[in-house]
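Peer 1: Just passing along the structure, written as structure tokens.
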């Protein structure tokens with residue numbers, strides 16, 4: 001089975017899907033001849049031309065608005081927002097238009113579009129190239145939100161997202177692009193949206209994570225395993241719809257739940273997961289539902305020491321697991 005980097009899985013999946021379906025177009029800033037700022041679309045322009053791989057002006061609102069119009073009229077756009085931090089000018093188009101068209105048209109129209117965006121810190125991106133924005137969009141009915149953590153899942157989930165009949169936000173942690181490798185079959189497989197994965201079975205503490213934090217959770221599980229603590233790691237993969245069944249089944253088994261995410265702790269995605277666990281698995285809990293997340297500062301600092309202070313790490317997760325296990 002071929003081994004791929006995370007970014008290779010994204011690039012190759014875009015190409016194979018475009019060969020399969022001529023209605024798929026790619027658009028965004030520098031996605032054409034340049035191949036994107038991270039080279040996620042490298043080679044697509046040369047193969048498919050500028051009618052299907054479209055360089056756009058620096059206007060996220062226009063990128064998403066044009067994608068909505070194209071999707072309603074029979075195309076399947078894959079829009080790239082160069083950094084997730086830049087997605088906010090398109091917020092109204094995503095939340096007030098794309099997310100609501102099926103509802104307001106009484107199921108008359110769908111918006112089969114995918115919005116790709118690199119997110120997350122740890123790469124010296126500082127304030128405007130390090131944000132985690134997923135919680136803003138998981139609040140909105142009508143949107144699907146996907147955050148893969150492995151090359152295998154990136155390919156399978158991107159296929160599912162592109163083929164979905166409704167809008168999908170597909171967030172890719174930029175620190176994983178070339179640092180994470182894995183086996184990726186060349187077959188036309190898909191990973192269904194809305195299905196989490198148990199990546200490390202255990203019996204004493206459930207750790208729930210996604211994206212880069214899913215890797216850090218696995219590292220932490222191995223560390224505390226040397227202390228005799230058995231950890232089950234749940235990689236959510238899709239944040240909306242959430243695989244509530246897998247989450248609750250794991251927590252009911254272990255009795256303890258730690259939720260890990262990189263975003264600011266207050267109002268972050270993990271708060272919703274914590275609420276669901278507290279409401280639906282309270283009788284099984286043997287300790288408080290806890291969270292490890294980013295601190296309450298407006299952005300990720302550029303300075304290396306301060307960036308390390310901000311970022312969630314395997315060490316911080318391991319400390320949280322030990323504290324919860326001892327409760």
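Peer 1: Can you find a residue in the range 226-234 that is in contact with a helix residue (DSSP H, G or I) (Cβ under 6 Å, 6 or more places away or on another chain), in the same structural domain as residue 301 (by TED's automatic domain parsing) and touching a residue at least 60 places away in the same chain (Cβ under 8 Å)?
Peer 2: Yes: one or more hits.
Peer 1: Related question: What number goes with the only condition from (1) over 17 Å from residue 11 (Cβ atoms); (2) without any contact (Cβ under 8 Å) to a residue 40 or more places away in the chain; (3) out of contact with any strand residue (DSSP E or B) (no Cβ under 9 Å at 6 or more places or on another chain); (4) in the same structural domain as residue 7 (by TED's automatic domain parsing) that residue 244 does not pass?
Peer 2: It is condition (4) that residue 244 fails.
Peer 1: Sticking with this structure for a sec: Please go through the range 18-34 and pick out each residue that is in contact (Cβ under 8 Å) with a residue 40 or more places away in the chain, assigned to a loop (DSSP other than H, G, I, E, B) and either in the same structural domain as residue 211 (by TED's automatic domain parsing) or over 28 Å from residue 125 (Cα atoms) (or both).
Peer 2: 21, 23
Peer 1: Moving on to the next point. For the range 303-313, give me each residue that is part of a loop (DSSP other than H, G, I, E, B) and at pLDDT 95 or above.
Peer 2: Within the range 303-313, 311, 312, 313 qualify.
Peer 1: Continuing with the same structure: Take residue 102 and decide whether it is out of contact with any helix residue (DSSP H, G or I) (no Cβ under 7 Å at 6 or more places or on another chain) and in the same structural domain as residue 26 (by TED's automatic domain parsing).
Peer 2: So residue 102 passes the test.
Peer 1: Can you tell me which residues in the range 151-166 are closer than 20 Å to residue 2 by Cβ and in contact (Cβ under 8 Å) with a residue 40 or more places away in the chain?
Peer 2: Matches in the range 151-166: 151, 152, 153, 154, 155, 157, 158, 159.
Peer 1: Quick check: is even one residue across the range 114-121 surrounded by 15 or more Cβ atoms within 10 Å (Cβ to Cβ), assigned to a loop (DSSP other than H, G, I, E, B) and at pLDDT 95 or above? Break it down stepwise before answering.
Peer 2: Of the range 114-121, the ones surrounded by 15 or more Cβ atoms within 10 Å (Cβ to Cβ) are 114-121.
Of the ones still in play, those that are also assigned to a loop (DSSP other than H, G, I, E, B) are 120-121.
Pick out the ones that are also at pLDDT 95 or above and you get 120-121.
Among the residues of the range 114-121, at least one is surrounded by 15 or more Cβ atoms within 10 Å (Cβ to Cβ), assigned to a loop (DSSP other than H, G, I, E, B) and at pLDDT 95 or above, which makes the answer yes.
Peer 1: Moving on to the next point. Hand me the list of strands (runs of 3 or more DSSP E) wholly inside the range 134-250 holding 1 or more residues that are more than 16 Å from the chain's Cα centre (by Cα). Before you say what the answer is, go through the steps one by one.
Peer 2: Details: elements: 144-146, 168-173, 181-183, 197-200, 205-209, 231-235, 238-240.
Result: 181-183, 197-200, 205-209, 231-235.
Peer 1: Now, a different point. Given the criterion surrounded by 20 or more Cβ atoms within 10 Å (Cβ to Cβ) and in the same structural domain as residue 131 (by TED's automatic domain parsing), identify the matching residue among 78, 37.
Peer 2: 78
Peer 1: I need every pair where a residue in the range 296-310 that is farther than 15 Å from residue 266 by Cβ has its Cβ under 7 Å from the Cβ of a residue that is outside any loop (DSSP other than H, G, I, E, B), sequence separation at least 6 or different chains.
Peer 2: So the pair list comes out as 300/307; 300/310; 301/307; 301/310.
Peer 1: Restricting the range 47-61 to residues that are farther than 22 Å from residue 94 by Cα and touching a strand residue (DSSP E or B) at 6+ places or on another chain (Cβ under 9 Å), which is surrounded by the most Cβ atoms within 10 Å (Cβ to Cβ)?
Peer 2: So the residue we want is 48.
Peer 1: Only residues that are under 22 Å from residue 215 (Cβ atoms) and surrounded by fewer than 23 Cβ atoms within 10 Å (Cβ to Cβ): list them for the range 273-292, please. Spell out the reasoning first.
Peer 2: Taking the range 273-292 first, the residues under 22 Å from residue 215 (Cβ atoms) are 273-274, 290-292.
Within the range 273-292, 274, 290, 291 meet the criteria.
Peer 1: Additional query: Sort through 265, 256 and tell me the only one that's in the same structural domain as residue 317 (by TED's automatic domain parsing) and more than 22 Å from the chain's Cα centre (by Cα).
Peer 2: Answer to the check: 256.
Peer 1: Something else: Could you tell me which of the residues 46, 9, 15, 70 is modelled with pLDDT of 95 or more, in a helix (DSSP H, G or I), more than 20 Å from the chain's Cα centre (by Cα) and under 20 Å from residue 188 (Cα atoms)?
Peer 2: After ruling out the rest, the residue left standing is 15.
The values are calculated or read from the model by the stated rules, or taken from the named source; none is laboratory data. Because the structure is a prediction, the values reported are computed rather than measured. Methodologically, a virtual Cβ is constructed for each residue, glycine included, from the backbone with ideal geometry; neighbour enumeration extends over all protein chains shown.
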